[in-house]
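Asks: Starting off with a structure, shown below.
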Amino acid sequence: MASSRDTATNAPAVRGGGALSAPPTQGDRKAARVSLPLGRLIARLRHRGLENPLLPLPAVLIVAVGFFVPLVILAVYSFWPTVNGKIVHDWTLGNYTRFFTQETYWRTLLRSFLFVGIASAITVVLTFPFAYFVATKVRPRRRLFWVLVAIIPFWTSYLIRVFAWLNMFGDEGLLNKALQAIGLTSSPIGLFGFDKPAIVITFVYLLFPLAFLTIYIAIERMNPAMLEASADLGAKPWRSLTTITLPIARTGLVAGFIFSFISMMGDYATPQLIGGTNGVLYSNLIINQFNNSMQWGFGATLAMLLLVSIFLLLVVLRTAAGKVEAVGEYTMGFTHRRAPFLLAYSLLYLVFLYTPPALLVLLAFNDSPQSGLPFVGFTTHWFSDVFHNVVLVDSLWTSVQVAVSAVIVSVVLGTLAAVQISRARGKLRGFNLGMIAVPLFLPPVVLGLAIIIGLNALGIERGLWTIVAGHVIITLPVVTLMVLVRLEGLDRNQELAAMDLGARPWRAFFSISVPQALPGIVAGAMIAFAMSMDEFILTFLVTGSQQTLPLYIFGSLRIRVTPDLNAISALMLGASFLLLTLGVLIAIGRDRIRRREEVSRLPAGVGLPS
């Protein structure tokens, strides 16, 4: 007699409802083999929590669709001719042949590379002494103040800073007027006229803070005791500079040069406003193909050749920079020897940074119908005119809408990406981080042209959403990197302990990690907001009929400089300074609270290192 176990084993399967099921077919078994690994994969992804590799996917997709796809279309357009203002889908090398056979184009590229390269080198050389002073001569507790004072102008409006120098140059500019007033010259000096020297001075001013930050970060890694030891062994200051400081700061110097070069090479507004009739660089040549000439195919060729040239330059500079040897752990040390020359130079550096915007604010209160000196009286009616200007207010509201939308998208997607990247290791981490950060290394003019060509190829109309999309592409990397830096510096033991007690990964993250990472999130959001409110080069290209505040200011500057522009500039400068100061105070305040909590948990008589 068969046992009940044998009976159960050999009995046919019964479906719900009592009907006997048919034996599995070969197709059923194949589907089961396919669905089993897929089900396991989905289950693994669900249980990986904050290490889920899908978290950075939205950010990566946005960059891929909004950045790489337009670049591919731009490359395709470069092989198509333009006839009567319309693209003809015939593959040809005619655009490239035209570039290399007509001297105007390739000579303009070479001259622009040389001009921008010299301006970038001047920026790095002039910034190095100040960065060296802050990194090695200032006490660690005071360095944050110096760093903030140096970089805050970089986060103020780009067009406003250009406008500040527009008031300074020219025969009737503040510089020539001041020199004539004190008797140093009887006529205007050509150096301060609207020409290429003025473009170099403005470029250097615009990129000073960015170059300082890259050089400072590199030098701060150096142990000042190495310089002290070198001096004690009899080495001259220049010897210590060439054998110790410069090799360690090499990567920062090269990075400062690269960022300055890319920013200047893609800037077509500064040469146009400051350079006068001689202010034509390669980027202006590209823009003309899309505006007046309506040669989109040839314009795409010029943009692609600019990309290739910049890429080759990056390869050369990366090879020349090489690798930096390890310099030990960060010691928070500084050299005690006084450096009066470096101190004086650093103070002059800050005077150079803050004098133009300070004069701009002063002129906003000048009761004169002309924008400039002399100062005839105090008034505030220019500010009243600003708030009664309907076009200006509408432009401001459009800028706020774009900035808020871009910040929300960037903060949400950037934080999600930073959470996973901070926990990941290996090639996937490098791929995600590289994909998200790559827009930082492309001139906005090329990105803007790629976007409008992509929209044209797809038959999509430009509008407010295209401005938002463009701003997300350039703000998303900044937010991601800001949050990532903060998350990588956190101790996850508390987060792990919360999960050991039964909390889900997301609950532990929002309850423990987010409050600690909040300064990075807030700082990223505020910087992204300031960048979006200030963005002009990309916005100028991708906008439809909408007008943002930077577009309004640029249009006004091209027509006539009026006193109400000084008032607008003063308001924007004040808003930028206030926004950045609040972000800094939030970050500093939370750090102090954290340090106090850490001190309170230490045994009596033990303190944190200063």
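The values are calculated or read from the model by the stated rules, or taken from the named source; none is laboratory data. Note that this is a predicted model, so its numbers are computed, not measured. Here the Cβ is made from the backbone with ideal geometry for all residues, glycine too, and neighbour counts use every protein chain on show. Remember, those area values only see protein heavy atoms, side chains included, never the ligands or the DNA or RNA. Shrake-Rupley method; radii C 1.70, N 1.55, O 1.52, S 1.80 Å.
Asks: Could you calculate the contour length gain from Phe341 to Ile460, that is, 0.36 nm times the residue separation minus the distance between their Cα atoms, to one decimal place in nm?
Replies: Details: separation 119, 0.36 × 119 = 42.84 nm, distance 5.84 nm.
Once the chain is fully extended between Phe341 and Ile460, it gains 37.0 nm.
Asks: Run the 1.4 Å probe and let me know the accessible area of Phe441, rounded to the nearest 10 Å².
Replies: Surface open to solvent at Phe441 totals about 90 Å².
Asks: Which sequence of Val65, Val402 reflects their accessible areas, 1.4 Å probe, from the largest down?
Replies: Working: Val65 95, Val402 0 Å².
So the residues, ranked largest to smallest area, are Val65, Val402.
Asks: How do Val472, Val393 rank by accessible surface area computed with a 1.4 Å probe, from largest to smallest?
Replies: Val393, Val472
Asks: What does the accessible area of Ser532 come to, in Å² to the nearest 10, when a probe of 1.4 Å is used?
Replies: Ignoring ligands and nucleic acids, Ser532 comes out at about 10 Å².
Asks: Right, here's the next one. Ordered by residue, what ³J(HN,Hα) values in Hz, to whole numbers, does the stretch 112-123 give under the Karplus form 6.51 cos²θ - 1.76 cosθ + 1.60, where θ = phi - 60° and Gly and Pro are x?
Replies: Per-residue couplings from phi come out as 5, 4, 5, 4, 5, x, 5, 5, 5, 5, 4, 4 Hz.
Asks: Using a 1.4 angstrom probe on the protein heavy atoms only, could you order Lys177, Lys86 from most to least accessible area?
Replies: Numbers: Lys177 70, Lys86 145 Å².
Accessible-area ranking of Lys177, Lys86, largest first: Lys86, Lys177.
Asks: Another question about this same structure. Among 143-151, 375-383, 261-269, what's the highest-first ranking by average C-beta atoms within 10 angstrom per residue?
Replies: Values: 143-151: 16.6, 375-383: 12.8, 261-269: 23.9.
Highest to lowest by the protection proxy: 261-269, 143-151, 375-383.
Asks: I've got another one for you. Provide the per-residue ³J(HN,Hα) series for the stretch 536-550, in order, calculated from phi with Karplus coefficients 6.51, -1.76, 1.60 and θ = phi - 60°, each as a whole number of Hz, with x at glycine and proline positions.
Replies: 10, 4, 5, 4, 4, 8, 9, 6, x, 8, 6, 10, 8, 4, x
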